[in-house]
Amino acid sequence: MQPLDKYLRHLTVERGLSKNTLAAYKNDLAKYFGYLSRLGASVEGVTAELVQDFVVTLSESGLKSTSCARILAAVRGFHRFLLLENLRTDDPTARLRPIKLPMRLPKALSQDQVLKLLAASGPEPTDESADPIGLRNRAILELMYSSGARVSEIVDLDLDEIVGQGLMRVRGKGAKERIVPIGSYALKSLDAYLIRTRPLLNKKTGLPALFLNQRGGRLSRQSIWEVIQKAGKACELAVSPHTLRHCFATHLIEGGADVRVVQELLGHSSVATTQIYTMVTIDTLREVYHAAHPRAQR
């Protein structure tokens with residue numbers, strides 16, 4: 001019997017939940033398992049970072065905060081059950097507290113940490129002896145940090161969506177399109193990939209996908225997550241599929257960008273979602289103030 005089936009049986013037999021309540025649990029956990037499936041992650045391999053990222057995904061999905069909190073409660077109950085039944089040796093939700101969802105954002109990496117992550121993902125585009133796959137991986141992460149695009153949006157990119165020098169068209173949630181700029185570093189990595197790697201991978205004539213796998217097909221979400229995870233491990237940084245998107249937004253706001261401009265770049269339907277990143281920045285400012293101001297200490 002699968003872990004989810006065991007948990008649902010536990011809710012039915014030992015806790016005596018009604019059919020309607022059980023159906024609600026099953027529906028909520030289906031969202032969680034769907035998220036894990038899209039990343040190619042197993043229940044056994046779930047980390048605290050993945051759970052946090054799932055919470056962020058919920059908060060950006062347009063669901064009410066009460067619905068998000070209910071889904072998170074179901075996920076926490078499921079993982080506590082796995083721990084009690086010795087189906088896992090730890091609980092990745094243990095440190096998650098039932099607080100307002102906007103505050104559950106993973107902490108953004110510093111700019112120096114992002115540079116380390118990018119360097120760990122693959123070689124510089126100027127490296128003439130660079131591994132072709134390394135060039136592709138570096139281009140992916142450079143583009144994610146430069147544009148703030150979601151992993152799913154990077155996967156869906158086609159060649160003709162690089163529209164002119166330094167711009168790309170992104171197809172976001174709800175079939176909404178937006179134009180976002182591409183920075184010079186990302187452009188250089190992208191050019192190196194297009195010239196030196198993609199022709200080697202393009203085994204299927206006419207495939208429009210921008211990023212290809214080694215079989216010539218469109219790269220998957222799972223593959224990009226593996227690239228991010230591998231780079232994070234190489235430089236000992238805790239990362240999630242949303243890490244570079246968070247860094248993009250946080251670093252823009254730290255640099256003085258208007259929150260409504262950042263909203264447009266991220267493709268958020270509501271500025272309230274984007275304002276989460278101003279909270280992260282304010283927390284950083286508060287920490288610096290208390291550490292540095294001579295009369296901030298009690």
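Look through SER220, SER147, SER189, SER240 and report the one residue that is among the small types (Gly, Ala, Ser) and at pLDDT below 90.
Result of the check over SER220, SER147, SER189, SER240: SER240.
Could you please find all residues in region 204-217 being touching a strand residue (DSSP E or B) at 6+ places or on another chain (Cβ under 9 Å), at pLDDT 90 or above and either on the phi > 0 side of the Ramachandran plot or outside any strand (DSSP E or B) (or both)?
Answer for region 204-217, where residues must be touching a strand residue (DSSP E or B) at 6+ places or on another chain (Cβ under 9 Å), at pLDDT 90 or above and either on the phi > 0 side of the Ramachandran plot or outside any strand (DSSP E or B) (or both): PRO208, LEU210, PHE211, GLY217.
Look through ILE133, ILE71 and report the one residue that is surrounded by 21 or more Cβ atoms within 10 Å (Cβ to Cβ) and either assigned to a helix (DSSP H, G or I) or of a type outside the set (Lys, Arg) (or both).
ILE71
Quickly run through region 137-180 and pick out the residues that are part of a helix (DSSP H, G or I) and exposed (fewer than 14 other Cβ atoms within 10 Å of the Cβ).
LEU159, ASP160, GLY174, ALA175
Determine whether region 181-198 contains at least one residue that is of a type in the set (Val, Ile, Thr), surrounded by 19 or more Cβ atoms within 10 Å (Cβ to Cβ) and within 19 Å of ARG221 (Cα to Cα).
No, region 181-198 contains no residue that is of a type in the set (Val, Ile, Thr), surrounded by 19 or more Cβ atoms within 10 Å (Cβ to Cβ) and within 19 Å of ARG221 (Cα to Cα).
Can you name the number of the only condition in (1) within 30 Å of THR47 (Cβ to Cβ); (2) free of Cβ contacts under 8 Å to residues at least 40 places away in the same chain that HIS242 fails?
Result: HIS242 passes all but (2).
Quick test of your reading of the structure: LYS64 fulfils all but one of (1) in contact with a helix residue (DSSP H, G or I) (Cβ under 6 Å, 6 or more places away or on another chain); (2) within 24 Å of HIS246 (Cα to Cα). Name the failing condition by number.
(1)
Please specify each residue of region 248-272 satisfying the condition of being surrounded by 19 or more Cβ atoms within 10 Å (Cβ to Cβ), out of contact with any Ser or Thr (no Cβ under 8 Å at 6 or more places or on another chain) and closer than 21 Å to ASP156 by Cα.
GLY267
Does region 222-230 include one or more residues that are acidic (Asp, Glu) and closer than 24 Å to TYR35 by Cα?
Yes, that holds for at least one residue.
When you check LEU109 against the structure, is it surrounded by 22 or more Cβ atoms within 10 Å (Cβ to Cβ), modelled with pLDDT under 95 and either over 21 Å from SER269 (Cα atoms) or in contact with a Lys or Arg (Cβ under 8 Å, 6 or more places away or on another chain) (or both), yes or no?
So LEU109 fits the description; yes.
Considering (1) at pLDDT below 90; (2) surrounded by 12 or more Cβ atoms within 10 Å (Cβ to Cβ), say which one LYS64 fails and leave the rest.
Every condition holds for LYS64 apart from (2).
Considering (1) modelled with pLDDT of 90 or more; (2) surrounded by 15 or more Cβ atoms within 10 Å (Cβ to Cβ), say which one LEU84 fails and leave the rest.
Among (1) modelled with pLDDT of 90 or more; (2) surrounded by 15 or more Cβ atoms within 10 Å (Cβ to Cβ), LEU84 violates only (2).
The values are calculated or read from the model by the stated rules, or taken from the named source; none is laboratory data. Computed from a predicted structure; not experimentally measured. Positions of Cβ are generated from backbone atoms using ideal geometry, with glycine treated the same way; all protein chains shown enter the neighbour counts.
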